[in-house]
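Below is one structure, written out as structure tokens; comments come after it.
Every number here is computed from the coordinates shown, using simple stated rules; none is lab data. Quick caveat: nothing in here was measured; it's all calculated off a predicted structure. Positions of Cβ are backbone-derived with ideal geometry, glycine not excepted, and every protein chain shown enters the neighbour counts.
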Amino acid sequence: MIVNDQVPGLDSNDELKTNPDGSVDLYFGPAAPEGLESNWVKTIPGKGFFLYFRFYRPKKEFFDLSWTLDDLMKN
């Protein structure tokens with residue numbers, strides 16, 4: 001968890017902006033991308049952090065590994 005002035009997390013109950021295919025892009029950094037504030041988690045420059053994902057009621061594809069979480073990409 002990142003200690004800052006923002007709740008350090010996002011979940012499916014948040015009003016996240018989705019892509020046309022139904023996927024969701026998440027953003028991590030000291031400033032939110034314009035228009036994507038709902039999909040952003042604030043980080044502190046020079047401080048480390050780690051990510052974890054919790055899956056509730058995953059479908060078969062999660063268990064048979066035909067679906068995988070994409071790697072992080074630096075923009």
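Before moving on, here are some points about what is shown:
- MRE, 222 nm, helices only [DSSP H, n ≥ 4, -39500 (n - 2.57), over the chain, to nearest 500]: -1000 deg cm²/dmol
- As a calculated quantity, the FRET efficiency between D11 and M73 at R0 = 25 Å, using C-beta atoms, amounts to about 0.75.
- Extension gain, E61-N19: 0.36 nm per intervening residue step, less the Cα-Cα distance, totals 13.1 nm.
- For the chain, averaging the sequence separation of C-alpha pairs within contact (under 8 Å, six or more residues apart) and dividing by the residue count gives a relative contact order of 26 percent.
- Residues whose amide H falls under 5 Å from that of F28, counting only those 5 or more places apart or on a different chain, are V41, with hydrogens built in the peptide plane.
- When the Cα positions of F49, N39, W67 are compared along the charge dipole of the chain, F49 comes out farthest toward the positive end, with charges on each C-beta of Lys, Arg, Asp and Glu.
- About its Cα centre, the chain has a charge dipole of approximately 260 debye under the convention of +1 per Lys or Arg Cβ and -1 per Asp or Glu Cβ, with nothing else charged.
- Highest mobility in the GNM of the chain, judged by mean-square fluctuation with C-alpha springs under 10 Å and restricted to K59, K42, K17, is found for K59.
- Label assignment, P(r) over Cα pairs in 10 Å bins from 0, in percent derived from the structure, set (i) 14, 40, 29, 14, 3; (ii) 19, 52, 19, 7, 2; (iii) 15, 48, 30, 8: (iii)
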